[in-house]
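Visitor: Input: one structure, supplied below.
The numbers here are math on the coordinates, done by the rules we state, and not lab data. Everything quoted here is computed from the prediction, not taken from an experiment. Cβ placement follows ideal geometry from the backbone for every residue including glycine, while neighbour counts extend to all protein chains displayed.
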Amino acid sequence: MSVHILYFAGLREALGQTSERLALPGHVGSVGELHAHLVARGGAWQALLTTKNLRVAVNQQMAAMRTPVADGDEVAFFPPVTGG
Amino acid sequence: MKISVQSEDFDLGAECAAISRGRKDIGAVASFVGLVRDANDGAGVARMTLEHYAGMTEKSLAEIVEEARGRWEVMDATVIHRVGELQPGDNIVLVVVASAHRGDAFAACEFIMDFLKTRAPFWKKEETPEGGRWVDARESDDRAAEKWKE
């Protein structure tokens, strides 16, 4: 299965990319597992660990590390919001 | 209900007038306007860039307004949030709430702002004399949103 991943704000800058389409290995079935899969890339991807209070959304709804991910989902990682 | 995420400026007077135009059941219109300040956390701010998560932003604002409608008598509401590059003194955000009575209008307006600050996916980057910096989320904003849980 594959997912569309988006990155925003300081995290987007740290990773040097806005989005990617990624085919997932069979053992990745939740946000937490996707997160670990990305962190395992090493280097700049440690920003997914060091971003304080990292937030995640699945299909544009706030989600948690235990939230399941399915084929075709849109998953976004970002720092706490600061609008208004 | 009107939700807009836009780079263009908005007109407070025009939005307040529009929300009650042609109606005779609205007794109160409360509004809030947030502006860009020229200083934050001890540094001068020359300009600011507002990033957002297109698609989720509009949904999230609509959900916040729906939640306000569930708690108070909200006859109509307008939320406009600007994105892109802004200068000190520029408008950032507008919330207008129309109700029969002031209590509901004031409370719903404050609630929408408190939830927008902690839930809607916008991020501010400030340009200061030391360079660009992403604004950190404030605990005081979390506490402001928490108070509505009581």
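Visitor: So, in the stretch B:119-150, how many residues would count as being crowded, with 16+ Cβ neighbours inside 10 Å and farther than 20 Å from A:Glu13 by Cβ?
Guide: Selection size over the stretch B:119-150: 5.
Visitor: Using the structure shown, decide if A:Pro68 is under 23 Å from B:His81 (Cβ atoms) and of a type outside the set (Val, Ile, Thr).
Guide: no
Visitor: Test of understanding: among A:Gly72, A:Gly84, A:Gly32, which residue is over 20 Å from B:Val135 (Cβ atoms), small (Gly, Ala, Ser) and touching a Lys or Arg at 6+ places or on another chain (Cβ under 9 Å)?
Guide: The match here is A:Gly32.
Visitor: What's the number of the condition A:Leu38 fails, among (1) within 11 Å of the chain's Cα centre (by Cα); (2) within 13 Å of A:Met1 (Cα to Cα); (3) among the hydrophobic types (A, V, I, L, M, F, W, C)?
Guide: That leaves (2) as the condition not met.
Visitor: Might you let me know whether the stretch A:3-17 holds any residue that is more than 9 Å from chain B (Cβ to nearest Cβ), surrounded by fewer than 19 Cβ atoms within 10 Å (Cβ to Cβ) and touching a residue at least 40 places away in the same chain (Cβ under 8 Å)?
Guide: Yes.
Visitor: Of all residues in the stretch B:44-97, how many are in a strand (DSSP E or B) and surrounded by 15 or more Cβ atoms within 10 Å (Cβ to Cβ)?
Guide: Residues in the stretch B:44-97 being in a strand (DSSP E or B) and surrounded by 15 or more Cβ atoms within 10 Å (Cβ to Cβ): 21 in total.
Visitor: Step by step: first the residues of the stretch B:125-150, then only those that are within 12 Å of B:Asp114 (Cβ to Cβ) and of a type in the set (Gly, Ala, Ser), then the one that is farthest from the chain's Cα centre (by Cα). Which residue is that?
Guide: That would be B:Ser140.
Visitor: Another one. For residues in the stretch B:98-118 being away from chain A (no Cβ under 14 Å) and charged (D, E, K, R), which is surrounded by the most Cβ atoms within 10 Å (Cβ to Cβ)?
Guide: Across the stretch B:98-118, the extreme among qualifying residues is B:Asp104.
Visitor: Then there is this: Quickly run through the stretch A:61-78 and pick out the residues that are within 9 Å of chain B (Cβ to nearest Cβ) and farther than 17 Å from B:Ala145 by Cβ.
Guide: Answer for the stretch A:61-78, where residues must be within 9 Å of chain B (Cβ to nearest Cβ) and farther than 17 Å from B:Ala145 by Cβ: A:Gln61, A:Glu74, A:Ala76, A:Phe78.
Visitor: For the stretch B:13-43: of the residues being of a type in the set (Gly, Ala, Ser), in contact (Cβ under 8 Å) with a residue 24 or more places away in the chain and assigned to a helix (DSSP H, G or I), which is nearest to B:Ala137 (Cα to Cα)?
Guide: It comes out as B:Ala18.
Visitor: Among the numbered criteria (1) surrounded by fewer than 17 Cβ atoms within 10 Å (Cβ to Cβ); (2) among the charged types (D, E, K, R); (3) touching a residue at least 24 places away in the same chain (Cβ under 8 Å), which single criterion is violated by A:Arg55?
Guide: With (1) surrounded by fewer than 17 Cβ atoms within 10 Å (Cβ to Cβ); (2) among the charged types (D, E, K, R); (3) touching a residue at least 24 places away in the same chain (Cβ under 8 Å) applied to A:Arg55, the lone miss is (1).
Visitor: Looking at the stretch A:35-63, which of its residues are in contact with a Ser or Thr (Cβ under 9 Å, 6 or more places away or on another chain) and either part of a loop (DSSP other than H, G, I, E, B) or among the charged types (D, E, K, R) (or both)?
Guide: A:Gln60, the sole residue that qualifies.
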